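Below is one structure, written out as structure tokens; comments come after it.
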């Protein structure tokens, strides 16, 4: 590991995640704009239309995150002095970055979506179902506190870690 890197403080990781959420919203908007033609072409086939929209947004997220992670930092990571490396401090490979993306999508999108559908199926009102489904976000973020290595669960599973640049 480079001499000018130390394990990232949990506070910095959490603040970067909040900032990243704002940028992901903007990237999602770009994905939605790209999906607009599909909505009109497949307006009579709602399942196909919504699938195209979902894939466009997912592609926008992938291009943004993988593209910036390859450089070592997203804008929020840069703002908080964080850099992504492998757990032992080396530059992550594209395989590491793809795994990080897939695990993050699983923990932040897929599991909460399934939980929402399950709670709605059980008869819970939409607001309560949404709240219950977001509890699943505790799993990847909570790993920062219980994992003992200052890594989110998706970082742990993909073999990556956030480090802080020391001045």
Could you please find all residues in segment 152-167 being part of a loop (DSSP other than H, G, I, E, B) and either touching a helix residue (DSSP H, G or I) at 6+ places or on another chain (Cβ under 6 Å) or buried (at least 22 other Cβ atoms within 10 Å of the Cβ) (or both)? 152, 159
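Yes or no, residue by residue, for (1) within 23 Å of residue 142 (Cβ to Cβ); (2) modelled with pLDDT under 95; (3) in contact with a strand residue (DSSP E or B) (Cβ under 7 Å, 6 or more places away or on another chain):
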position	(1), (2), (3)
7	yes, yes, yes
26	no, no, no
37	no, yes, no
41	no, yes, no
44	no, yes, no
51	no, yes, no
64	no, no, no
76	yes, no, no
In segment 120-146, which residue that is outside any helix (DSSP H, G or I) and on the phi < 0 side of the Ramachandran plot is surrounded by the most Cβ atoms within 10 Å (Cβ to Cβ)? 124
Could you tell me which of the residues 83, 57 is in contact with a helix residue (DSSP H, G or I) (Cβ under 6 Å, 6 or more places away or on another chain) and either surrounded by 17 or more Cβ atoms within 10 Å (Cβ to Cβ) or under 14 Å from residue 20 (Cα atoms) (or both)? 57
Scanning segment 60-80 residue by residue, those closer than 24 Å to residue 33 by Cα, out of contact with any helix residue (DSSP H, G or I) (no Cβ under 7 Å at 6 or more places or on another chain) and in a loop (DSSP other than H, G, I, E, B) turn out to be none
Taking segment 146-167, which residues are modelled with pLDDT of 90 or more and over 18 Å from the mean Cα position of the chain (by Cα)? 146, 164
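The values are calculated or read from the model by the stated rules, or taken from the named source; none is laboratory data. Just so we're clear, the structure is a prediction, and the values are computed from it rather than from any experiment. Neighbour counts run over all protein chains shown; Cβ positions are idealised from the backbone, glycine included.
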